[in-house]
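Here is the structure we will look at, set down as structure tokens.
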Amino acid sequence: MSTLPLIAHRCPDASVAWRDGLPVSARQFLSDVDQVAGLLPAGRNVLNLCRDRYRFAVTLAACIVSARVSLLPSTYTPEMVRQMRRIAPDVFCVADQEAPGVDLPVFHYPDRLPTSGADLAIPNIAGEQVVAQVFTSGSTGLPEPHLKRWGSLVRNVRAEAQRLGLTRGYAMVATVPAQHMYGLESTVLMPLQSGGALHATRPFFPADICAALASLPRPRLLVTTPYHLRTLLAESAKVPAADLLLSATAPLARDLAHAAETRFAAPLVEIYGCTETGQIASRRTTSGAAWQTFADIRLRCEGERVWAEGGHVATPTPLGDVIELVDADPTRFLLHGRHADLVNIAGKRSSLGYLNYQLNAITGVLDGVFIAPLDGDDRAMEGIRRLMAVVVAPGLTSADIMQALRQRIDPVFLPRPLLFVDELPRNATGKLPEHAAQALLARVRSPMTTDLKR
Amino acid sequence: MTEAHCELQSEVARLIVDALNLDIKPEAIQPEARLYGEGLGLDSIDILEVALVVSKRFGFQLRTDSADNARIFGSLASLTEHIAAARTQ
């Protein structure tokens with residue numbers, strides 16, 4: 001059986017991370033992984049909630065070397081945690097701060113770990129080993145698990161590093177959490193598998209991001225999203241030079257990409273992927289709208305659906321986006337938005353089917369529907385345009401419904417606004433046609449309408 | 001509370017409502033109610049938007065390590081207090 005090493009850092013002194021202004025060596029990382037793996041409680045399934053990216057990486061690696069599976073749900077609401085327990089009854093979480101706010105047994109990441117002694121060998125992991133289970137919102141209201149095997153993940157992030165030209169040591173700071181596919185792949189696994197060093201913090205405000213980036217040696221990368229990039233460029237008059245900018249979660253507007261490249265004096269590359277396939281393509285946004293697939297990845301049209309196959313994608317997988325091949329080339333394509341049911345807000349993905357299920361599961365809601373606005377403004381482009389919802393719920397107030405939804409769905413999907421009607425304009429088959437939904441929205445937005453709020 | 005502080009608090013409330021396109025009147029934000037989660041229901045995307053308009057209007061940048069963020073964004077009153085102390089314009 002083929003195996004692949006846990007990290008690509010050949011020399012024990014090579015930097016794996018930067019914490020508190022100091023490099024962490026591969027030697028220390030392997031020692032920390034060994035220590036944490038020995039301390040983890042029984043239980044095969046782990047929810048890794050570490051906010052410190054280095055501690056996340058150590059915990060992830062400790063789980064991998066001890067044959068545990070890291071669970072990556074799309075949100076941490078009480079309802080999702082209940083579903084995690086149903087799917088994986090032995091699940092516990094690893095946290096590096098007090099009160100993670102999740103109803104699961106907690107293992108606290110050790111505050112102090114011993115300084116590394118003798119050099120440990122880099123563990124080799126079987127390519128077939130399942131190391132993560134990522135959950136998407138199924139349209140039936142239940143989370144859908146996707147198994148991620150070590151071999152496929154490693155091939156994926158190596159292809160990414162190759163595409164980005166990351167062949168020697170580099171440092172990276174990221175504004176996205178490690179706990180979803182983009183963060184897991186680009187900010188943890190890619191640096192581990194291409195000799196990079198990750199910055200342990202996850203800076204939030206623009207000034208934090210600039211300071212973290214400036215603290216790193218070059219070459220250095222910033223891994224971010226369109227909405228972080230936009231606020232950063234709008235707020236910070238002066239930004240530190242970078243060597244590469246990486247963006248994903250929503251397509252970036254070309255003028256924003258131009259501005260970012262000029263201000264950071266670095267090329268900006270966008271990554272395209274999804275939970276099911278991982279990352280499969282990239283584009284230099286300022287060079288054109290077309291995406292180029294990673295080496296060995298091919299796209300195939302079948303009716304309205306486009307499938308990805310080859311490379312790390314072990315079985316052909318349908319994509320959730322509306323895609324057009326350029327000149328029938330299976331490696332170049334244009335992205336025309338998502339299929340109607342999928343929604344993506346600030347990198348969090350769900351489906352209208354899932355959200356509608358959760359809305360209608362609230363006691364007292366007789367009927368209800370989420371609607372994604374069609375407007376093509378900047379906020380919609382960057383994937384931060386909020387959803388609206390319309391309900392028939394005679395006995396409930398807006399606060400009742402919002403509180404119930406908060407237990408069930410991620411806060412980014414909470415409706416703004418939530419509106420009340422006597423009945424929804426459903427057609428004879430019980431469907432709510434798109435034009436009827438948009439007409440309802442137009443009515444709601446009219447300043448003359450005042451009777452729909454509670 | 002001084003009149004100037006009251007005025008500042010109203011201005012911050014207006015900034016929040018305008019920046020986030022909230023469907024409420026600025027006066028409807030209770031000064032002590034939580035901005036995050038329950039209460040006004042803001043999340044981290046909103047906080048970044050608010051940070052942006054705050055820096056533009058008051059001439060200083062919010063930093064995670066400069067103070068306790070959860071406290072600063074705890075309520076309209078605490079955000080106003082922080083702005084009053086840190087503003088340069």
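The values are calculated or read from the model by the stated rules, or taken from the named source; none is laboratory data. Treat the numbers as computed from the prediction; the structure is a model and nothing was measured. Ideal geometry is used to build each Cβ from the backbone, glycine not excepted, and the neighbour counts take in all protein chains shown.
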Scan A:Ile297, A:Ile323 and give me the residue that is in contact with a Gly (Cβ under 8 Å, 6 or more places away or on another chain), surrounded by 15 or more Cβ atoms within 10 Å (Cβ to Cβ) and of a type in the set (Val, Ile, Thr). A:Ile297
Taking only region B:52-85 into account, find how many residues are more than 9 Å from every other protein chain (Cβ to nearest Cβ) and acidic (Asp, Glu). 2
I want to confirm something. Restricting to region B:7-51 and keeping residues that are more than 27 Å from A:Leu233 (Cα to Cα) and β-branched (Val, Ile, Thr), which single residue is farthest from the other protein chains (Cβ to nearest Cβ)? B:Ile29
Qualifying position, being modelled with pLDDT under 90 and either away from chain B (no Cβ under 12 Å) or within 22 Å of the chain's Cα centre (by Cα) (or both), among A:Pro206, A:Pro226, A:Pro219, A:Pro240: A:Pro226
Pick from A:Arg168, A:Arg163: which is within 20 Å of A:Ala26 (Cα to Cα) and away from every other protein chain (no Cβ under 14 Å)? A:Arg168
Condition check: at pLDDT below 90, of a type outside the set (Lys, Arg) and either within 16 Å of B:Arg87 (Cβ to Cβ) or surrounded by fewer than 17 Cβ atoms within 10 Å (Cβ to Cβ) (or both). Does B:Ser10 satisfy that? no
Among the residues of region A:35-49, what is the count of those that are farther than 17 Å from A:Gln133 by Cα and either in contact with a Gly (Cβ under 8 Å, 6 or more places away or on another chain) or crowded, with 18+ Cβ neighbours inside 10 Å (or both)? 2
Being more than 25 Å from A:Val412 (Cα to Cα), at pLDDT 95 or above, touching a Ser or Thr at 6+ places or on another chain (Cβ under 9 Å) and of a type in the set (Val, Ile, Thr) narrows A:Ile7, A:Ile64 down to just A:Ile64
Restricting to region A:343-361, name every residue that is hydrophobic (A, V, I, L, M, F, W, C), more than 14 Å from every other protein chain (Cβ to nearest Cβ) and touching a Gly at 6+ places or on another chain (Cβ under 8 Å). A:Leu359, A:Ala361
Matching strands (runs of 3 or more DSSP E) fully within region A:279-365 where at least 1 residues are of a type in the set (Asp, Glu), in contact with a Lys or Arg (Cβ under 6 Å, 6 or more places away or on another chain) and closer than 29 Å to A:Asp410 by Cβ: A:321-325
When B:Thr88 is evaluated against the numbered criteria (1) in a loop (DSSP other than H, G, I, E, B); (2) within 12 Å of chain A (Cβ to nearest Cβ), which criterion, by number, is the only one it fails? (2)
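Of these, A:Thr187, A:Thr175, which one is surrounded by 19 or more Cβ atoms within 10 Å (Cβ to Cβ), in contact with a Lys or Arg (Cβ under 9 Å, 6 or more places away or on another chain) and away from chain B (no Cβ under 14 Å)?
Selected residue: A:Thr187, the only one of A:Thr187, A:Thr175 that is surrounded by 19 or more Cβ atoms within 10 Å (Cβ to Cβ), in contact with a Lys or Arg (Cβ under 9 Å, 6 or more places away or on another chain) and away from chain B (no Cβ under 14 Å).
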Does A:Phe135 satisfy being modelled with pLDDT of 95 or more and farther than 24 Å from A:Gly196 by Cα? no
